[in-house]
Amino acid sequence: MGIFILNAVVMNRLMSKLSRQQLKQLIEASIFVADQPVSVAHLQHTVLADLQVTKAMLTELLAELTEEYQDRGVHLVKRASGYRFQSNDSLGPWLGNLWQEPAPRYSRAMLETLSLIAYRQPITRGEIEDVRGVAVSSHIIKTLTERGWIKTVGHKEVPGKPTLYATTKVFLDYFNLSDLADLPSHQAFLDSQTTIEEPSLDDLSVSPLGASDESSTTQHTLDASASAPDSSDEPEQLH
C-alpha cells in the first residue's frame, strides 16, 4: 500500500509539471483516441483531473489546436457534444473508397419525420401526421430513437397526453451541426421539397481513426434531393 501511495504522489508531481506544449499534446491525443466527441467538461474530469487546468486555459489550447489543423487533411472541429477530429470535406471522394459498403440511405418518410421533429420540436406523432397527411410508422419512431437521433422530452397537456419528441446531440453530431441554429432556414427547407438524402461520397468527411461507425466517423449534411425508398419501413396508411 505504501508503494502504491508513493507512486501516486510521484505521478501527480510529474503531471503537475507538464509544459504548455505537453498539455496541448495530451489534449490532442485524448480527442484523437476518443470514439466520440469530447467536451471540455469531460476532459477536465478525466485526463486533466489531476492537473490544475482552468476552463479558460483549456479553451485557449483547443482554439490553438483548431487553428493549427486548419490547413491539414484532418481538422479539429467543435460539434454539439464536444470536439472531434474529422477529415477535410474535399477529401471525401477519395477517402470514401476505404469502405466497401455504401453510405446507408433512409426512406423519404423517415427523413421527413426526422426533419419535422428537428424544425418543430417538441412535436407529437399526431402533429407530424397532420403535416405529412399520412400515419407515421411505429418502425420509423423506433429506428430514430434507437439511433439516438430523437428522444422523448415529455407529454403534451391535452387529452391522451401524447408523447413529445425532440432531437438529440447525437443527431447534431451526425449531421455535422453544432446547434439547431445551424439548420438551413425553414423557408429554404420548404423550397427544397422538404426532403433529405444520405450524402454521396462528395459530401462525406471521415475520421482519421478509420472506424466504421458512421455516427462517429462520417459527417453528413442536409440535402435537398429525395432519398431512395427503404423497404424496411412499414407501409404508411392514408388518413
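The values are calculated or read from the model by the stated rules, or taken from the named source; none is laboratory data. A quick note: this is a predicted structure, and the numbers were derived from the prediction, not measured. Neighbour counts run over all protein chains shown; Cβ positions are idealised from the backbone, glycine included. In case anyone asks, the SASA skips ligands and DNA or RNA and just uses the protein heavy atoms, side chains included. Shrake-Rupley method; radii C 1.70, N 1.55, O 1.52, S 1.80 Å.
A few notes on this one:
- Inside the stretch 121-163, residues that are β-branched (Val, Ile, Thr) and open to solvent by less than 50 Å² (accessible area, probe 1.4 Å) make up a count of 10.
- Scanning the stretch 68-110 for residues that are modelled with pLDDT under 90 and of a type in the set (Phe, Trp, Tyr) turns up Trp94, Trp99, Tyr106.
- Looking across the stretch 18-39, the residues that are open to solvent by less than 30 Å² (accessible area, probe 1.4 Å) and in a helix (DSSP H, G or I) come down to Leu23, Lys24, Ile27, Ser30, Ile31.
- Residue match in the stretch 151-159 (condition: outside any helix (DSSP H, G or I), modelled with pLDDT under 95, farther than 29 Å from Phe32 by Cα and basic (Lys, Arg)): yes
- In the stretch 68-107, the residues that are assigned to a strand (DSSP E or B) and either among the aliphatic types (A, V, I, L, M) or surrounded by fewer than 16 Cβ atoms within 10 Å (Cβ to Cβ) (or both): Val74, Leu76, Val77, Lys78
- Checking each residue of the stretch 113-120 against the condition of being open to solvent by 50 Å² or more (accessible area, probe 1.4 Å) and more than 19 Å from the chain's Cα centre (by Cα) gives at least one match.
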